[in-house]
Amino acid sequence: MGRTLNYKQITKLVEPNSRILDLGSGDGYLFKKLVDEKNVKGVGVEINQEEVIKAMEKGLPIIQGDIDEGLKQFPDKSFDYAILNQTLQSTDKPDYVLEEMLRVSKKAIVSFPNFGYWRVRFYLFFKGKMPKSKALPYEWYNTPNIHLNTIKDFFEFCKIHNITILESIYLAKKRARKRIIRAVANLLSEEAIFVITK
């Protein structure tokens, strides 16, 4: 359910007929949704070979690559949007990845789990252990999440790096479904989606 709402919100943010760069494409599900619903053109970049094959089987133009090494193969402002969905926290150099996204695109769409979410805070406070949940199912020693951040951290990062936040959407689970959060986002949101530019 959460994944569906995340994809729905990102799809709403993208203008029809845009050129997109989908970073950390996974199996291409979001990219395919954008192709089908918004008639986008573009390319995906994914590090995992098995996921690249799955995306290619969907007929998507995907290249295997490591976004931590940069996007040198793409010229400045060659895309309308660069999208990084639920991958920022697992990059080695998130600041460099964001810088490269904003170099190659007019706008970037970034989503990540909010480690300021109240359940995450309570878990750490009461159990004294790194939080685990459906959104964060890993143990501390095998998690791909190496740069944990909050919504507040992201706002501060954007301010320091002269990045303009054009739009933000905050999501949290209510019962078995996710919903959009309107207030106290850093505390109440499990996930954030930002549209940024420079």
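The values are calculated or read from the model by the stated rules, or taken from the named source; none is laboratory data. Keep in mind the model is a prediction, meaning the values are calculated, not measured. All Cβ positions, even for glycine, are placed from backbone atoms using ideal geometry, and neighbour counts span all protein chains on display. Surface areas here come from the heavy atoms of the whole protein model, side chains and all, with no ligands, DNA or RNA. Shrake-Rupley method; radii C 1.70, N 1.55, O 1.52, S 1.80 Å.
Here the spin labels are modelled as points 7 Å beyond Cα on the Cα-Cβ line, and at LYS198 and GLU156 they lie 2.1 nm apart.
Spacing of the modelled spin labels on ILE180 and GLU57, each 7 Å from Cα toward Cβ, amounts to 3.5 nm. Solvent exposure of the chain, expressed per residue, is 55 Å² of accessible area, with all protein chains present and a 1.4 angstrom probe. Using the structure shown, list the pairs from LYS12/LYS127; LYS106/LYS132; LYS132/LYS152 with a Cα-Cα distance above 27 Å, or answer none. Among LYS12/LYS127; LYS106/LYS132; LYS132/LYS152, the Cα-Cα distance tops 27 Å for LYS12/LYS127; LYS106/LYS132.
Only alpha carbons enter this Debye calculation for the range 40-124, each as an equal point scatterer, and the log10 of I(q)/I(0) it gives at q = 0.14, 0.22 Å⁻¹ is -0.55, -1.11. The alpha-carbon atoms of the range 69-113, seen along their principal axes, cover 28, 19, 12 angstrom, with the largest extent given first.
Report, to the nearest 10°, how far helix 94-104 tilts away from the longest principal axis of the Cα atoms in the chain, using its own Cα long axis and a range of 0 to 90°. Orientation of helix 94-104: about 30 degrees from the principal axis.
The trypsin sites (Lys or Arg not before Pro) of the range 47-127 that meet both conditions, a loop assignment by DSSP and at most 10 other Cβ atoms within 10 Å of the site Cβ, are LYS72. Between GLN49 and GLU69, the simple label model (points 7 Å from Cα in the Cβ direction) yields a spacing of 1.4 nm. Can you give me the % of accessible surface on the chain that is carbon or sulfur? Probe 1.4 Å, all protein chains present, nothing else counted. Summing carbon and sulfur atoms, their accessible area is 53 percent of the total for the chain. Shape summary: the chain maps onto an equivalent ellipsoid whose semi-axes, from the alpha-carbon gyration tensor, are 26, 18, 17 Å in decreasing order. Would the range 82-171 count as rounded, prolate or oblate if I go by the C-alpha gyration tensor, calling it rounded below 1.5 in a/c and otherwise prolate when a/b exceeds b/c, oblate otherwise? Prolate, since a/c reaches 1.5 and a/b exceeds b/c. If you take the beta carbon distance between LYS77 and LYS129 as r and set R0 to 35 Å, what does 1/(1 + (r/R0)^6) give as a FRET efficiency, to the nearest 0.05? Computed FRET efficiency for LYS77 and LYS129 comes out at 0.20. Proximity of backbone amide H atoms, modeled 1.01 Å from N, is registered between LEU166 and VAL195, ILE196, THR197 at under 5 Å, excluding neighbours fewer than 5 places apart on the same chain.
In the chain, helical runs assigned H by DSSP with n ≥ 4 each contribute -39500 (n - 2.57); averaged across all residues and rounded to the nearest 500, the mean residue ellipticity at 222 nm is -9500 deg cm²/dmol.
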